[in-house]
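See structure below.
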Amino acid sequence: MKSMIAPSILAADFANIQHEVEMLNTSEADFIHVDIMDGLFVPNISFGIPVTEAIHRHAKKPLDVHLMIQNPDQYLESFRKAGAEVITVHWEACTHLNRTLQAIKALGAKAGVALNPHTPVELLADSLDQIDLVCIMSVNPGFGGQKFIENTYSKVSRLKQLIQEKGSKTLIEIDGGVNLQNAPKLLEAGADVLVAGSFVFNSPDPIETIAELKSI
Ligand code: DX5
Ligand code: ZN
């Protein structure tokens, strides 16, 4: 299967959000990755439901909404109504992950679980049949433009093995510090979806950069 690319709108120009979304529409991107930060679960605040809805209004690609927030259960329905196709919650923020995943599915969205860099993939062994996508954080969540954590490769291979053992169809997404240097190794280890923020938006030609990532 060809890799999927999810540019992170966090690195876009928020003053020209319509233009940025329209640019992504014309690209080979598979998703638009939308980072929601609450200033509690992570030490930064990004934006919330109305901005997600505004992005969705212009988007022709599915929104992959990454909730870096406490109490995600409280906001699942709002983000679904705002246009989220994939809703990803953090393992570390969910006391009753099984229930949260059921709630996401009941809303008709795909269910994702994100793991912080210190959280072992093995903790998902008994949940994989419920999870459409696992987002392996390759930086500490909260900011774009950080350095990629090398231990990620081993997490991807271990998770891929678990998925194969369980026979599930769960996709592996990598989020943080992704670029053309680490992308081939990540795909080789078993990644399916690559999130890229600053690497795409800070490049001279984001459409071409997305195409390059897609062509690996
Ligand atoms: C980090 C976010 C990432 C971020 C990726 O907390 O979850 O999605 O936008 O940005 P880059 O690609 O610049 O690391
Ligand atoms: Zn993210």
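Shape of segment 119-167 from its Cα gyration tensor (a ≥ b ≥ c, root eigenvalues): rounded if a/c is under 1.5, otherwise prolate when a/b > b/c, or oblate? Don't skip to the end; give the middle numbers.
On the way: a/c = 2.86, a/b = 1.89, b/c = 1.51.
Since a/c reaches 1.5 and a/b is larger than b/c, the shape of segment 119-167 is classed as prolate.
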> For segment 4-214, what's the radius of gyration and Dmax over Cα atoms, in angstrom?
Replying inline: 15.7, 46
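Among 76-83, 28-35, 158-165, 136-143, how do they line up from the highest to the lowest mean number of other beta-carbon atoms within 10 Å? Don't skip to the end; give the middle numbers.
Details: 76-83: 18.2, 28-35: 23.8, 158-165: 15.8, 136-143: 20.9.
In decreasing order of mean packing, 76-83, 28-35, 158-165, 136-143 become 28-35, 136-143, 76-83, 158-165.
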> Which whole-number percent is the relative contact order of the chain (Cα, under 8 Å, 6+ apart)?
Replying inline: 22
> When H96, H66, H58, H90 are ordered from fewest to most other Cβ atoms inside 10 Å of their Cβ, what list results?
Replying inline: H96, H58, H90, H66
> Sorted by average packing, counted as other Cβ atoms within 10 angstrom per residue and highest first, what order do 14-20, 59-65 take?
Replying inline: 59-65, 14-20
>> Give me the one-decimal nm value for the distance between modelled label points at D73 and N44, 7 Å along each residue's Cα-to-Cβ direction.
In response: 2.9
> Which pairs in the list K169/K214; K61/K185; K60/K155 are over 29 Å apart, alpha-carbon to alpha-carbon?
Replying inline: K60/K155
> What ³J(HN,Hα) values, in whole Hz, does the Karplus curve 6.51 cos²θ - 1.76 cosθ + 1.60 give for segment 22-31 when θ = phi - 60°, with x put for Gly and Pro?
Replying inline: 5, 4, 5, 4, 8, 8, 8, 4, 8, 9
> Using alpha carbon centroids, what distance separates segment 161-216 and segment 142-156, in Å?
Replying inline: 12
> Given the rule -39500 (n - 2.57) for each run of at least 4 DSSP H residues, summed and divided by the residues of the chain, what is its mean residue ellipticity at 222 nm, to the nearest 500 deg cm²/dmol?
Replying inline: -9000 deg cm²/dmol
>> Order these by the 10 Å Cβ neighbour count, fewest first: M23, M37.
In response: M23, M37
> Let a ≥ b ≥ c be the square roots of the eigenvalues of the Cα gyration tensor of segment 120-216; is it rounded (a/c under 1.5), or, if not, prolate (a/b larger than b/c) or oblate?
Replying inline: prolate
>> How large is the translational diffusion coefficient of segment 50-144 in µm² per second when you combine the Kirkwood radius over alpha carbon pairs with Stokes-Einstein at 25 °C and 0.890 mPa s?
In response: 180
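We did not get these values from a lab; they are worked out from the coordinates using the rules stated. What you see is a predicted model; the values in this text were computed from it and never measured. As a convention, Cβ positions derive from the backbone with ideal geometry for all residues, glycine included, and neighbour counts pool all protein chains shown.
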